[in-house]
Every structure is written in C-alpha cells, then in structure tokens.
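Computed from the coordinates by the stated procedures, all read-outs in this text should not be read as laboratory data. Predicted, not measured: the structure shown is a model, and the values here were computed from it. Positions of Cβ are generated from backbone atoms using ideal geometry, with glycine treated the same way; all protein chains shown enter the neighbour counts.
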Amino acid sequence: MEPPLTPAAFRALYEAEFAYVERTLRRLGVAPADLEDLAHELFVVVYQQYARYDRMLRLRAWLFGIAFRLASNYRQRAQRREVAMPTPEVPDPAHLPEATLEASQTRARVLAVLDTLDLEQRAVLVLHDLEERPAPEVAATLQIPLNTVYSRLRAARQRVAATLRRWRATRGEL
Amino acid sequence: MNEDFIEPLPSDVEHLLAVERPLPPATPELQAHVWSRLEGMLGPGGGGGGGTAPVAGSAGALVGALVLLVAIGGGVLLWASRRDDASSREAAASGGAHGQVERPESLVRAPWSPAIPIAPARSSLDHSGVAQPALPSWFGQRDVRLRPLAGQVLVDGRPAAGVEVRLESLASGADAIRTEAVRTDGQGRYRFTPTAAWLYDVSAALPGFAGAARLVDLRDPSVDTERVDLELGPCVRSLSGTVLDAMPVS
C-alpha cells in the first residue's frame, strides 16, 4: 500500500489537477452553483483514499472515477429531493447572436448537448470523445465491460447527432 | 477488441466537440475557496500556506523550516535534558516531585503526521440510538461549530421504533467518509452526536414502508437541527413486467 499524501504533495496535486476536476464536474452535469461543494468533497476523497489508489490507472482516470461517483450521488440526491437539476438547456438558435460560434459559447453548447444524455452515456462520451482516452481505459475508469463502453458510446453519439440535427432544423439549415 | 470497433465521429459532432477538448483554466476564485476549506484538513501549516502560491516555493520553504526545526529542536532537547537532570537532582535532594519540562510538541513529533485516520471507510451502527462522531470536524465549513442532529420518525403520525436512520454526504456515497446510522428508540426518536457543519442526507427506512429522506444543511444557522422529523409512507407501488429475452421453461 502506498503511503498517504503529505500536505505538500496534496497541495501539488491540488494545484495541478483543480482545473481538470472543475471541468470534469461540469462535463458530468454538476451545476455551477454546486461546483464548490462537489470539488471540496472530491478532494476530501482524494486525500482520504490516496493510499488505496490503484497506480495502474492514470491519476486523472482515478479522479474521473471519483467525480463520476460523486456526480451520480449528486443526481440521485436531486431526483430524490425533486431539486431542479441543470435542465437540458438547449439554446434556441433563433435567438442566438452570430457570436455563438465563438469558443466560449460553443463550449456552453457542448455542455448543453451533454445535458441531453444520461450520466452513464455522458461519462463514456466525455472520456472517449473529449478526453480522447482509449476504450479499454474508459472501461477501467468506469469499471464497466468493454462492450458496454462501445454500446454507450454509440448511443451517446446518436443522441448528440440527433440534437444537432434538431438545432439545425430549428435554424432552417439543411 | 480495439478502437477499430469505434467509427469516426460524424463531422458535425467532431466540429462541436473539438472546441471543448482543450482544458480551460480553473476559475481562480473557486480554486481559492475550495482550498481554504481543505486547509483545515491538513492541520496547522499544512500544505505550505494559504492562497494559491506556487508549490515549488512552498516545498523550498518546507525544507528550510525542517532544517531550522531540527537545529532548534536539538538545542532545546539538549537544554531540556540537562535541565531534567538538574531538576532530578534538585528533586532528589529536596524529596519533592520530579521536575517536568514541557517541550513544544512540534519539536518532538514527526514534521507531519496525518490529521485524520487513513482508514478504509465503513459504516457504524449504534443500536442504542446514538451514533459516535465519525465525520472529522474539518469536513465541515470552517468556523462553524459542530451541531447535533435529532428528530423523530413517524408512521401514520405515530412514532416508529427500531427504524434505521442514516446520515450521509456525497462523499459517503463515494466510500470516503463513514456513513452514520442509528436506530430510533421506543418513541421513534433518533439522535446523532454533534456533527460537522455540512450538507447531509438524512433518511429512514423500514421494510414494508416507503422510505423518507430530507436534505439538511447544518451550515445554515436557521435550520432547527433538533427537529428533523421523517414520515414513512405506505408502500403503494408494485413492480411487474415481462421477460422477453429468455428461454421458455419447459
């Protein structure tokens, strides 16, 4: 078993990986207002569980796995409480300015597309198509069979493509 | 199996996702806020100070501090040892108590020892109706005192005895923080000992009844943490279906 993190090492990990954690939580559907709480809880888990971290996984794969479990609990809590989750905010292209194509707004559109997926499909799409991790690593990160990665990825892509088609239809594009 | 099983992304999807691939920088305020909460976990001086100063500088400062501590510690221990000997001689001569020297703890303890146990998460259940504190105080928001959490579990308006009540946070679900659980007493009452100020799910479950759960934010001073009551409901749902993909039983 690995030794626990020293405060200095924990600080270094925090500085190096905070941006990744923040973005991963957003990509997994955590609302901006809840990011602080969930990021805090995630790093608590990191500090507590570091000695048990399987070094066969990349650090970011391990962090993603934690973020995924927290996001899953977060969604269950929201459903149980009937608290409004970040709704699938598919922007109405008819009311968007031309500047929509700019990067920041396009990023917002990506998150909006991701909001149309369930968490399991979403996690696979984020790992494979955004982080560009190979399917076996996605399977190891999420602790699911490889074939499940393929099926979820296929379903997620179909849904994303359908959403884009709907957007284009709204704008009157071919 | 390999990546050949995966088709290339459609061009429009690829065009959209490509923008999101580069990792944007962290939100500085958010990073600082979360770190300020985490500092309590590391103990005094943990992590090389507050803010978001570069780690390399913190590491250098830490090495320097350790060298200084060793030098000072050696001197103090030598002085204390001689003083102990002198005190012993004086005490022996006077017939009084042995002299004690209080040494600064930082000089006799390892430079860092974990402020929290690095033990596997586990669930604890106290059937007396009172749980032992499990969540370390640093888990809560800083400068907010521990608060008790108590209430009553009811069924049809009547107290429900022997019902399991669980106290969980999101980190409990991630297997990092112990889940606390107690059972209600004869009056349906439960109580968790003072608990770190944080956001918790409190839930009660009893076979044959629909469970009840409440989200309780102990950081909110307006929350009455002594009256977190839970009402179990009747089970009115059933589950049925047809198995479509199986061999018939002959």
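List of remarks:
- Charge sum, other residues only, whose C-beta stays under 11 Å from B:Ala161's C-beta, Lys/Arg counted +1 and Asp/Glu -1: +2
- Note on A:Asp129, A:Asp115: ascending count of other Cβ atoms within 10 Å places them as A:Asp115, A:Asp129, the fewest first.
- Low-density loop positions, trypsin sites (Lys or Arg not before Pro), the range A:1-75 - DSSP coil, at most 16 other Cβ in 10 Å: A:Arg55, A:Arg58
- Note on A:Leu111 and A:Ala162: the model spin-label points, each 7 Å out from Cα along the C-beta direction, lie 2.5 nm apart.
- Around the amide H of B:Thr193, modelled in the peptide plane, lie the amide H atoms of B:Ala131, all under 5 Å away and 5 or more residues distant in sequence or on another chain.
- Relative exposure of B:His15, A:His128, judged by other C-beta atoms within 10 Å (fewest first): B:His15, A:His128
- Between A:Ala31 and A:Glu132, the simple label model (points 7 Å from Cα in the Cβ direction) yields a spacing of 3.4 nm.
- Dipole size of the range A:1-72 about its Cα centre, with +1 on Lys/Arg Cβ and -1 on Asp/Glu Cβ: approximately 300 debye, rounded to the nearest 20.
- Taken along the Cα-to-beta-carbon direction at a fixed 7 Å, the label points for A:Ala9 and A:Thr170 span 4.9 nm.
- Phi-derived couplings, Karplus 6.51 cos²θ - 1.76 cosθ + 1.60 at θ = phi - 60°, listed residue by residue for the range A:104-110: 4, 6, 5, 4, 4, 5, 4 Hz, with x used for Gly and Pro.
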